[in-house]
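Engineer: Encoded as structure tokens, here's the structure I'll be asking about.
The values are calculated or read from the model by the stated rules, or taken from the named source; none is laboratory data. What you are looking at is a predicted structure, and each value in this text was computed from that prediction instead of being measured. Every residue, glycine among them, receives a Cβ derived from its backbone with ideal geometry; neighbour counts consider all protein chains shown.
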Amino acid sequence: MMDTRDEILRILEERGSILQKDLWKELNIDSSKCSRILRKLEKEGLIRRVEVVVDGVKTFKIVPAGAEEEEEEEDEFSLQAVMERMQDISGLPPCFGCLEKDCDATSCLKLEVWFLRKASEGH
């Protein structure tokens with residue numbers, strides 16, 4: 001039977017990348033165990049954990065070491081990435097820099113997550 005560490009490397013070999021939250025769900029392990037294994041793999045230089053924003057929430061994309069470096073550099077300077085960083089820094093709602101053409105604020109998941117986060121912070 002393959003251990004969790006080897007299973008992670010196999011998944012990355014097959015797919016190229018995976019979100020950390022999807023990885024621990026797929027492996028049926030808790031998030032803290034997954035984080036510990038990933039930190040060890042990262043220290044060994046086998047993977048990289050790249051911070052990304054998915055549906056307005058920060059998470060990590062797990063990639064094999066050396067993969068997607070050019071694509072990340074482009075993403076770092078994309079308008080969407082800049083607007084998300086401005087939103088994080090300023091605390092403004094996602095609508096401030098929304099780039100969605102047909103967004104409806106009454107059903108916007110990003111706005112809902114923002115309101116829930118602010119409510120939990122006591123703002």
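Engineer: Go through (1) within 13 Å of the chain's Cα centre (by Cα); (2) under 28 Å from Leu116 (Cβ atoms); (3) modelled with pLDDT of 70 or more and name the single condition Ala81 misses.
Structural biologist: It is condition (3) that Ala81 fails.
Engineer: Report the residue count in the range 3-25 for those that are surrounded by 14 or more Cβ atoms within 10 Å (Cβ to Cβ) and among the charged types (D, E, K, R).
Structural biologist: 4
Engineer: Take the residues in the range 23-49 that are part of a strand (DSSP E or B) and touching a residue at least 24 places away in the same chain (Cβ under 8 Å); name whichever of them is farthest from Ile8 (Cα to Cα).
Structural biologist: Arg49
Engineer: Taking Lys101 as the residue in question, decide whether it is modelled with pLDDT of 70 or more, basic (Lys, Arg) and not assigned by TED's automatic domain parsing to the domain that holds Thr59.
Structural biologist: Against the criterion (modelled with pLDDT of 70 or more, basic (Lys, Arg) and not assigned by TED's automatic domain parsing to the domain that holds Thr59), Lys101 does not qualify.
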